[in-house]
Amino acid sequence: MPKVKIPRKSTTVDMTAMCDVAFLLLSFFILATKQKPPEVLTVTPPSSVASQVAPDNAILITLIKDGRTFLMLGDETKKSDILKNINDAKGLGLSPAELAKWNKQQFIGLPLNKIKGSLALAKEIPADKMEGIPTDSTNNEMVDWLRSVTNVYAGGDQKALEKMLLVKGDNNALYPAFKNIKQAFKKNDIYKFRIVTNGQAPPPGSELAKTAAASK
Amino acid sequence: MAEMDTSSGGGHKKGPGVKKGKKLSTRVDLTPMVDLGFLLITFFVFTTTMSQSTAMNMNEPKDDPNQQLKVKNSGAMTILLGKGNQVYYYYGQLEADKLSEQFKSTTFKDIRNLINEKRKATPIDDLMYIIKSDKNSTFKNAIDILDEMTISAVPPGHYAEVDMTPTEELMIQQTETANGVK
């Protein structure tokens, strides 16, 4: 009886396809990851169970650890109007060229009387070197800023504005600094704003977790 | 390594002396490359923080001296935030002769239970949490306590942030020195 010869087959698998997939996924993840803008001001926000996502182009008041306050006007369409408004209202005396230059700066973190001087400088002051917008109860310039913001948005969708007003504070910032910001909102008859926090699931066993589970 | 010798032994052999031109395979072993690819993917997936910042709603009351909210003593719980993440609380109103009895200190960990206990013991209409932040408390404390309210599903309007009175400030200071809170 003739021996049956079993042909020996190669165990090599063509890895090309797998390799392709791996790198395709890799490039997808790299490209799909949104690059965080380099954070000039380091802020570690507190966590909360809030689930709404914070909008990107917002009017953001940043409160950093040492109590300095900064303002970021994220709504590019209205930014120049707001700057112009505060220039007129507070008599900063900025020329159109200076306003244009100011418009390009990302952070506003100087007292109003120092803005003209800072715009004359050849180089922009880095945000972490700025002294912050004064918010103490005797001289709360945040009130003026928010007034200009409300002026510019007046007649527009107030609900939309409420959603855009964000306060981002550092965990270790002291409460009085935050209180001053709240005062600035109140003085402009703004009673609703939002706090930027790190999202967290409701702790198990709590009332909120129960209602969330019940609604599912 | 990953390959097996597949040449069936003893095939056609050319005559002796005839040199065989060895055929080299153009195949490259891609296994390490795939390994590397997946390693990088895993790395990126794990290091990317998925946490997105969320926005918490803040509703401030209108300061109107004519519209003082009356709170029932039996339904009120005052929560005071102090230095070093300390929380102090008392029920009802502080009475001068019972200060040390009423004024208790706790932590953020335990305040949730206390909030819940009070909530269960009080008819909802009378329930009121009064939150007062000390000048040494942090932004985190102020947000955390509001978050505790949300976590315990305290309906809006049943908690409010109020300024601290000098007596309370003094009590906090005394308790802090007594407990050695820095």
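List of remarks:
- The Rg/Rh ratio for the protein assembly as shown is 1.22, where Rg is the radius of gyration of the alpha carbons and Rh is the Kirkwood radius.
- Span from the the stretch A:85-108 Cα centroid across to the the stretch A:113-144 one, whole angstrom: 12
- Positive-end residue of A:Thr16, A:Thr197, A:Gly109, charge dipole of the protein assembly as shown with Cβ unit charges: A:Thr16
- Using only Cα coordinates, the Kirkwood hydrodynamic radius of the stretch A:53-199 works out to 15.5 Å.
- Cα gyration tensor shape for the stretch B:73-179, rounded if a/c is under 1.5, else prolate or oblate: oblate
- Peptide A:169-175 has a mean of 6 when you count, residue by residue, the C-beta atoms of other protein chains within 10 Å of its C-beta.
- The stretch A:54-101: projected area of the alpha-carbon convex hull, averaged over directions, in nm²: 4.4
- For the listed residue pairs A:Lys79/A:Lys168; A:Lys182/A:Lys210; A:Lys179/B:Lys140, the alpha carbons are over 24 angstrom apart in A:Lys182/A:Lys210.
- Look at the dipole of the stretch A:79-139 built from charges on Cβ: of A:Ile125, A:Ile82, A:Ser95, the Cα furthest out on the positive end belongs to A:Ser95.
- When both bridge partners sit in the protein assembly as shown, DSSP labels roughly 60% of those beta bridges antiparallel.
- Among A:Asp88, A:Asp20, A:Asp66, the largest mean-square fluctuation in a Gaussian network model of chain A (Cα springs under 10 Å) belongs to A:Asp20.
- Size of electric dipole in the stretch B:74-182: Cβ of Lys, Arg +1 and of Asp, Glu -1, about Cα centre, debye, nearest 20: 360
- When each of the peptides B:98-110, B:125-137, A:167-179, B:30-42 is scored by how many other beta carbons lie within 10 Å of its residues on average, the order from highest to lowest is A:167-179, B:125-137, B:30-42, B:98-110.
- Simple Cβ-charge dipole of chain A, Lys/Arg +1 and Asp/Glu -1, about Cα centre, in debye nearest 20: 800
- Likely footprinting exposure, A:Ser215, A:Ser10, fewest C-beta neighbours within 10 Å first: A:Ser215, A:Ser10
- Take every DSSP beta bridge whose two residues both sit in chain A; close to 45 percent of them are antiparallel.
Each reported figure results from applying straightforward, stated rules to the coordinates on display, with no laboratory input. Small disclaimer: the values here were computed from a predicted structure and weren't measured. Counting neighbours? That spans all protein chains shown, and the Cβs are built from the backbone with ideal geometry, glycine included.
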